[in-house]
1. Return the Rg/Rh value of the stretch 219-267, two decimal places, where both radii are evaluated on C-alpha atoms and Rh is the Kirkwood radius.
2. Excluding same-chain residues fewer than 8 positions from K43, which aspartates and glutamates have a Cα within less than 16 Å of its Cα?
3. Mind giving me the nanometre distance, one decimal, between the label points for K247 and E283, set 7 Å out from Cα along Cα→Cβ?
4. Need one number for the stretch 234-369: average projected area of the convex hull over its C-alpha atoms, nm².
5. Of the cross-linked pairs K115/K331; K250/K276; K115/K309; K62/K255, which ones have a Cα-Cα span greater than 23 Å in the structure shown?
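Here, each number is a calculation from the coordinates, and none is a lab measurement. Just so it is clear, the model here is predicted, and its values are computed rather than measured. Note: ideal-geometry Cβ built from the backbone for every residue, glycine included; neighbour counts use all protein chains shown.
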Amino acid sequence: MYELWRLTKSVIAVKHCQKYGGYMDQKKIIGMLEQAGRHRYFKVVAEKGGNCCDACRALDGKTRRDDDEPVLPVHPHCRCRMVEIKERVPLTIARFQPQEKHIADLTDFNRDREKLEKEFGKDIDEGKFSAPGRELAPDIAGRGLTAALNKHLSYREGRKEKVYRDGKSWPTLGVGANLAEEHILATFKTLKKFPKEVIEDLQGLKKLSDSEREKKAKDIEKQFANITFSNQEIDKLFEASFQVAEKDVKEAFNKGVWEERRLKSGETVKVWNGQKVDSKAWEKQPELVRAVCLDLSFNTGGPGLRKYKSFLRAVKAEDYRRAALELLNSKDYTENIKPKAANRGLALRRRDAAIELSKLAEKQEEKRKRHSANPVEMGKN
């Protein structure tokens, strides 16, 4: 390692001399290297005692640099922390791979299932839909995914036939379609003949400051005050939104897989690899699961689905009961479920999705039981 460090210094020094045509003594070269290599360093401190899992224990005391990929949390409810190292750290500091590749196996991931069941299981088992008759599953079976989600989000997001300003002062129409988004605007322009100046105003909104945009959005809203859009026109905007949303969600969903790893003991475990991509993961999921993910994305944006890490891992493990519990363990639910909470509708939305996933888990469990009882008959189905 030391020889490698010296070689690196020599190469950089030579390149510098070639670039500037001058000579630098060794002291200046080392000073330049140390200046370039000044980073903040941190040490991983794991929880002490019997509650610490093997993955966290393996990380304890390891050193991380400020430009390394994050390793915490190792798993849901991880209690590890990072402590900055104040003393000078040599340039030859050991680096190691992102912890995503060494994360605890599926058994460790599910070890707090009992706690989640105790805390949130009742909300699923005894909860009632906040929107009776609006369940996704039967709608998907009868209408297909896109049409069912259109109906579902029309209820959840609202379905406005006139241009209005959303909570962040973006001109919006139909089922939450932001007219400043390029793909939405491209479809919007085909619906009716609009003055060229209005389209240019919509195109320029993203370049404005928040205060300027708010003022311009008010003007746009006034210009459209007497124009009503038909259901067919609103459906066209929804389809444009849906296509982009599905693309974003698919990209976020496909990253990360459970892999089988063989331990030295000979035991095989499933381990999460957050760097690997499974291009077919999205298509493998039941339509109901895809609908729930798309519903999440309409709240958070497609890439925002990544913040539901534990939910996604549970879904990819085909543990839909655990996925339901993870939705109820999210801040969306826990911080908004109180009767007078400003965003209580968001919490009810998460609860409804959790109930549907729980029902899906029950159906799959029944199917497995029938299969184990009569595998030949199940194979025919």
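1. With Rg and the Kirkwood Rh in hand, the quotient comes to 1.50.
2. Straight-line reach from K43, under 16 Å: D60, D66, D67, D68, E69, E84, E87.
3. Computed distance between label sites K247 and E283 equals 1.8 nm.
4. That works out to 10.6 nm².
5. Among K115/K331; K250/K276; K115/K309; K62/K255, the Cα-Cα distance tops 23 Å for K62/K255.
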